[in-house]
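The values are calculated or read from the model by the stated rules, or taken from the named source; none is laboratory data. Here the structure is a predicted model, which means the values were calculated and not measured. Reconstructed Cβ throughout: ideal geometry from the backbone, glycine too, with neighbour counts over all protein chains shown. Accessible surface is based on the protein model in full, side chains and every heavy atom, while ligands, DNA and RNA are left aside. Shrake-Rupley method; radii C 1.70, N 1.55, O 1.52, S 1.80 Å.
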Amino acid sequence: MILFEVTRFGEVDSTNEHIKRLMAQGAPEGTVVIAETQTGGYGRRGHVWSSPQGGLYLSALLRPGVYQVIDQADLMAKLPTLSLACGIAVRRTAVGFLAPRVAQDVKLKWPNDVVVQTEAAYRKLSGISLEGTAEGLCLGIGINVVPPSSSKAGKEVYLAELTCSGECPSVEKVSDALLTELGAIYNTWLDQPFLHFLSEYNEHNVMSGRRVSIQAGQGTIEGEFLHIDEAGRMMIRTEDHGVIPIVSGEAHVLGIS
């Protein structure tokens, strides 16, 4: 069972980079770094993550298969589903602070985002990244909690802007709740196939039944999003090739800004 050891900073270059430095020094699984601000924050595929005060910027060191008895072939096969499972943990965390009528609009966007959906748009609430090195995995999570004083209307949404079920959460309360959910999800993910989480992921998937565009490799694929399969792949129905699995790529819902 994973136990988290948390260090909080006022400012760092990047919580991901800080964890990778600690990882190289032999820090144990469960090491967590949280910062109030980042000067060089980034998310999946190196996309810049704006990191003003008011957001949760958290990175955790994971070493699945080092402290647990897991067949290495099975572990490598299920690793692509880890970030999806972590997305479920983030969503569970967010909805725990929200009124039910708002919570139903918090959705998962394959492969690494949590968004809030409206009729014609969705706005990003959280981004997730997962980086592997020879020493382990670096899980990075950013959650928009409180709007910064300089915020402008954009594609982001903040927990504090939504209708909360009680007092609007602080960054610290969100981080505590996230680590509780993350620990439970991670321990289950180690013991169970991703099939255990599949119905929950597909139930809250913002892409279900919509036409999507996927930038994969050097090309673009368009089609109807069907579901996520037990390997974490996006299943797309195209006009030319029938149903095909998408392992990775940048996904966009057509007709939603």
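Worth a mention:
- Counting protein heavy atoms only, the chain has 50 percent of its accessible area on carbon and sulfur, 1.4 angstrom probe.
- FRET efficiency estimate (nearest 0.05) - Cβ-Cβ, H241 to A73, R0 35 angstrom: 0.75
- Every Cα-Cα pair in the range 83-175 was counted, and those over 19 Å apart are 40% of them.
- The chain: relative contact order as a whole-number percent, Cα under 8 Å and 6+ apart: 17 percent
- Antiparallel bridges, percent of DSSP beta bridges restricted to the range 99-217 (to nearest 5): 90 percent
- Dipole of the chain computed with +1 at Lys/Arg Cβ and -1 at Asp/Glu Cβ about the Cα centre; of H227, I256, T238, farthest Cα towards the positive end is I256.
- Cα pair distances in the range 1-136, grouped into 5 Å bins until the bin that holds the longest one, percent each: 2, 9, 16, 20, 21, 16, 9, 5, 1, 0
- Size descriptors for the range 166-207, from the alpha-carbon set: Rg then Dmax equal 13.4, 36 Å.
- Alpha-carbon Rg/Rh ratio, for the range 115-257, with Rh computed the Kirkwood way: 0.99
- Each of the GluC sites (Glu not before Pro) that DSSP puts in a loop and that has at most 13 other Cβ atoms within 10 Å breaks the chain; the longest unbroken stretch is 1-118.
- A simple charge model with +1 on the Cβ of Lys and Arg, -1 on the Cβ of Asp and Glu and nothing else charged puts the dipole of the chain at about 420 debye relative to its Cα centre.
- For the chain, the per residue solvent-accessible surface stands at 47 Å², with DNA, RNA and ligands left out and a 1.4 Å probe.
- Most positive-pole-ward Cα, I141, L79, V102, against dipole of the range 76-155 from beta carbon charges: V102
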